[in-house]
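Asks: My questions all concern the structure below.
The values are calculated or read from the model by the stated rules, or taken from the named source; none is laboratory data. Bear in mind the structure is a predicted one, so any value in this text is a computation, not a measurement. Heads up, the Cβs are rebuilt from the backbone with ideal geometry, glycines too, and the neighbour counts pull from every protein chain shown.
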Amino acid sequence: MNTKDIKEIYDRYVIPNYIRNPILLVRGSGVDVWDAEGKRYLDLFSGWAVSLLGHCHPNVVAAVQNQAAKLQHAPNIYYTEPQGLLAKYISEKSFSGQCFFCNSGAEANEAAIKLARIHNSSSGKYKIITFSNSFHGRTLATVTATAQPKYHKGFAPLVEGFSYVPFNDLEALKKEVDDATCAIMLEPIQGEGGINIATKEFMQGIRKLCDEKGLQLILDEVQCGMGRSGKYFAYQHYGIEPDIMTLAKALGGGVAIGAMTAKKEIAKSLVPGSHASTFGGNPLACAAGVAVFETIENKNLLENVKRMGSYAVEQLKILQKTYKIIKDVRGVGLMIGIELNGNGAEIIKSCIQAGLFLNCTHDTVIRFMPPLNVTKEHIDEGLNILKTVLSKT
Ligand SMILES: *Cc1c(COP(=O)(O)O)cnc(C)c1O
């Protein structure tokens, strides 16, 4: 099938809730993706940070192939090795908590919200505070947690018990906490909101506030986790620990999976019958997740993230000197935002036409999130394309 054929099928049979580029993707390998007409694209966006090790990393492929031939699904009333091993990896690389598995970021956050509520249910506390420009998912509760009116439009009434304060504003947060507050939820580095980095004072202040008031700190690391920041989890840059953390996107290296991990004394509130997911923790997705952790370890990828992240920011700051449309370059590790003095949609369109996948979020912020095993050559190639596009705008 060519692009035109599949487009006709989509137009007739697929709900048009996405704006799609007229490109039929058929194959990916590392940073490269090809369309049906054989054109190659350099993918430095990784599909919202999902393709953590590039497309079809051989270790992920092998893990999925082996597991697919052995056992693909097992109900959660039995044990499987991949689920146990993945939970062990997440726990050992973070804060020694226990895991619940699901299939997406929204579901992981939904689980976190439910856990915070059930854990505090005997005290009557139920309110959760989130932050402006956050993004937590599209289910009704997680979209309510997402403090951006544009995502709420048309879905009222929303879930009760959420309120919002400005990001990085500790004083506003302190004022918002009341006797019914049970949790504070945030992304250490906001992704969709435009690569906004929580300050150290803010994050440590929130931890202190949570300790003083007996609140749960929920960190949404769906986008910034899994090594993207140069540490396994972004909170590890702050010298604090959350009580609950959520993961998804990159966790399966391209395979759909979500996870919530929580401190043991909180996790125990999720008693049998209180929460579940049919596909959650299925052996296929968990085997992929285990392969992702093994690969980050064996290839020393966190080191590469730090080196390539600094290199990319340095090169982008050089670009900034020539191209006045670049207002700011900021990031941690390989989670980098290029803020423009104007809308970036056309620039991204031109980049895609020129063979480079990037994304623009929040109208003006180009997101640069290549795979963790990216090389200098890939970065140079991508920035050359970007340069060419910028010089024509
Ligand atoms: C993408 C994202 C989500 C939602 O994940 P889905 O898998 O699309 O449900 C939640 N939180 C953050 C920070 C995200 O980036």
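Asks: Yes or no: T246 under 22 Å from E81 (Cα atoms), within 12 Å of the ligand (Cβ to nearest atom), assigned by TED's automatic domain parsing to the domain that holds Y89 and among the hydroxyl-bearing types (S, T, Y)?
Replies: Here the answer is yes, as T246 does meet what is asked.
Let's see how each residue does on (1) in contact with a Leu (Cβ under 7 Å, 6 or more places away or on another chain); (2) without any contact (Cβ under 8 Å) to a residue 60 or more places away in the chain:
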site	(1), (2)
L52	yes, no
P58	no, yes
V64	yes, no
S91	no, no
S94	no, no
G97	no, no
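Asks: Does S29 count as under 26 Å from R367 (Cβ atoms), at pLDDT 95 or above, hydroxyl-bearing (S, T, Y) and more than 16 Å from the ligand (Cβ to nearest atom)? Break it down stepwise before answering.
Replies: Values: under 26 Å from R367 (Cβ atoms): yes; at pLDDT 95 or above: yes; hydroxyl-bearing (S, T, Y): yes; more than 16 Å from the ligand (Cβ to nearest atom): yes.
Judged against the criteria, S29 is a match.
Asks: For the range 208-219, indicate whether the set of residues that are crowded, with 24+ Cβ neighbours inside 10 Å and within 15 Å of the ligand (Cβ to nearest atom) is non-empty.
Replies: yes
Asks: Same structure again: Would you point out which residue out of A87, A74, A63, A112 is outside any strand (DSSP E or B) and within 16 Å of the ligand (Cβ to nearest atom)?
Replies: On the way: A87 fails: within 16 Å of the ligand (Cβ to nearest atom); A74 fails: within 16 Å of the ligand (Cβ to nearest atom); A63 fails: within 16 Å of the ligand (Cβ to nearest atom).
So the residue among A87, A74, A63, A112 that is outside any strand (DSSP E or B) and within 16 Å of the ligand (Cβ to nearest atom) is A112.
Asks: Still on this model: For the range 48-60, which positions are away from the ligand (no atom under 16 Å from the Cβ) and of a type in the set (A, V, I, L, M, F, W, C)?
Replies: L53, C56, V60
Asks: Another question, then. What is the residue count in the range 54-76 for residues that are surrounded by 15 or more Cβ atoms within 10 Å (Cβ to Cβ), under 30 Å from K263 (Cβ atoms) and not small (G, A, S)?
Replies: Adding up the residues that qualify gives 3.
Asks: For Y79, work out the one condition from (1) outside the structural domain of I336 (by TED's automatic domain parsing); (2) surrounded by 17 or more Cβ atoms within 10 Å (Cβ to Cβ); (3) outside any helix (DSSP H, G or I); (4) not acidic (D, E) it doesn't fulfil.
Replies: Evaluating Y79 over (1) outside the structural domain of I336 (by TED's automatic domain parsing); (2) surrounded by 17 or more Cβ atoms within 10 Å (Cβ to Cβ); (3) outside any helix (DSSP H, G or I); (4) not acidic (D, E) leaves (2) as the failure.
Condition check ((1) of a type in the set (G, A, S); (2) assigned by TED's automatic domain parsing to the domain that holds V31; (3) surrounded by fewer than 22 Cβ atoms within 10 Å (Cβ to Cβ); (4) out of contact with any Leu (no Cβ under 9 Å at 6 or more places or on another chain)) across all residues:
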residue: V290; (1), (2), (3), (4): no, no, no, no
residue: N304; (1), (2), (3), (4): no, yes, yes, no
residue: K324; (1), (2), (3), (4): no, yes, yes, yes
residue: M335; (1), (2), (3), (4): no, yes, no, yes
residue: N341; (1), (2), (3), (4): no, yes, yes, yes
residue: R367; (1), (2), (3), (4): no, yes, no, no
residue: L372; (1), (2), (3), (4): no, yes, no, no
residue: D380; (1), (2), (3), (4): no, yes, yes, yes
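Asks: Out of the range 1-41, which residues are touching a Pro at 6+ places or on another chain (Cβ under 9 Å) and either over 25 Å from E346 (Cβ atoms) or touching a residue at least 24 places away in the same chain (Cβ under 8 Å) (or both)?
Replies: The answer is T3, G30, V31.
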